[in-house]
1. For helix 58-74, what angle does its Cα long axis make with the longest principal axis of the chain, in degrees from 0 to 90 and rounded to 10?
2. What full-extension length gain, to one decimal in nm, is calculated for Thr24 and Glu55 as 0.36 nm per residue of separation minus the Cα-Cα distance?
3. Work out from phi, with θ = phi - 60° and the Karplus expression 6.51 cos²θ - 1.76 cosθ + 1.60, the ³J(HN,Hα) of each residue of region 93-106, listed in order in whole Hz, and give x for Gly and Pro.
4. Using the Cα centre of region 5-105 as the reference point, and only Cβ charges (+1 on K/R, -1 on D/E), how large is the resulting charge dipole? Debye, rounded to the nearest 20.
5. Can you give the accessible area per residue of region 5-105, in Å², using a 1.4 Å probe?
6. In region 71-114, what trypsin sites (Lys or Arg not before Pro) fall in a loop by DSSP, with at most 15 other Cβ atoms inside 10 Å?
7. If I compute solvent accessible area with a 1.4 Å probe over the protein chains, what percent of it on region 57-114 is carbon and sulfur?
8. Would you tally the net charge around Ile53, using a Cβ to Cβ cut-off of less than 12 Å, leaving Ile53 out, and scoring K and R as +1, D and E as -1?
Amino acid sequence: MSETIFHKIIRREIPATIECESETLIVIRDINPQAPFHCLIIPKKIIRSIQDIAEDDAELLLEMVQAASSLAKKYAFEKDGYRLVINCEEWGGQTVFQLHMHMLAGAQLSGGFA
Ligand code: 5GP
């Protein structure tokens, strides 16, 4: 298990725009946004990818989805909708090897997946 740039952001060693934070999660704005609203919902616990989640991480995954839902309420994306994406390992497009969920919103997104 190794640390990533996201852990440095959690420890405030690297600056980021922090949207919200709890004991278990941090939500930051993506440095290279792919939509008008692009956040990363990141668990603080070191977890490399979705392949590394354990049974006792179930609550954490729920918290990640709940964070997206409450951001959608805060920014009024509920009705128009938004996209949640988790890239897994190289072929899935993961570049930072700490589990995180992208939340993209604020415009009509393309229908493509690849
Ligand atoms: P992945 O490709 O692993 O699914 O997503 C990693 C995301 O992290 C990318 O969208 C990238 O723009 C974002 N990212 C990489 N480094 C930083 C950083 O230092 N700060 C912020 N806020 N986002 C970053």
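1. Taking Cα atoms only, the helix is inclined about 30 degrees.
2. Values: separation 31, 0.36 × 31 = 11.16 nm, distance 1.61 nm.
Length difference between fully extended and current span is 9.6 nm.
3. Once rounded to whole Hz, the list reads x, 6, 10, 10, 8, 9, 3, 7, 10, 7, 10, 10, 7, x.
4. Details: 11 positive and 15 negative charges, 89 e Å.
The dipole of region 5-105 has a size of about 420 debye.
5. Working: 5920 Å² over 101 residues.
Heavy-atom accessible area per residue stands at 59 Å².
6. Numbers: sites: Lys73, Lys74, Lys79, Arg83; in loops: Lys79.
Here the trypsin sites (Lys or Arg not before Pro) that fit, given the DSSP loop and packing criteria, are Lys79.
7. Answer for region 57-114 is 57 percent, counting heavy atoms of protein chains only.
8. Working: positive: Lys45, Arg48; negative: Asp52, Glu55, Asp56, Asp57, Glu59.
Net charge in that neighbourhood comes out at -3.
The values are calculated or read from the model by the stated rules, or taken from the named source; none is laboratory data. What you see is a predicted model, and the numbers here were worked out from it, not measured in a lab. Glycine also receives a Cβ, built like all others from the backbone with ideal geometry; neighbour counts cover every protein chain displayed. Accessible surface areas use protein heavy atoms only, side chains included; no ligands, DNA or RNA. Shrake-Rupley method; radii C 1.70, N 1.55, O 1.52, S 1.80 Å.
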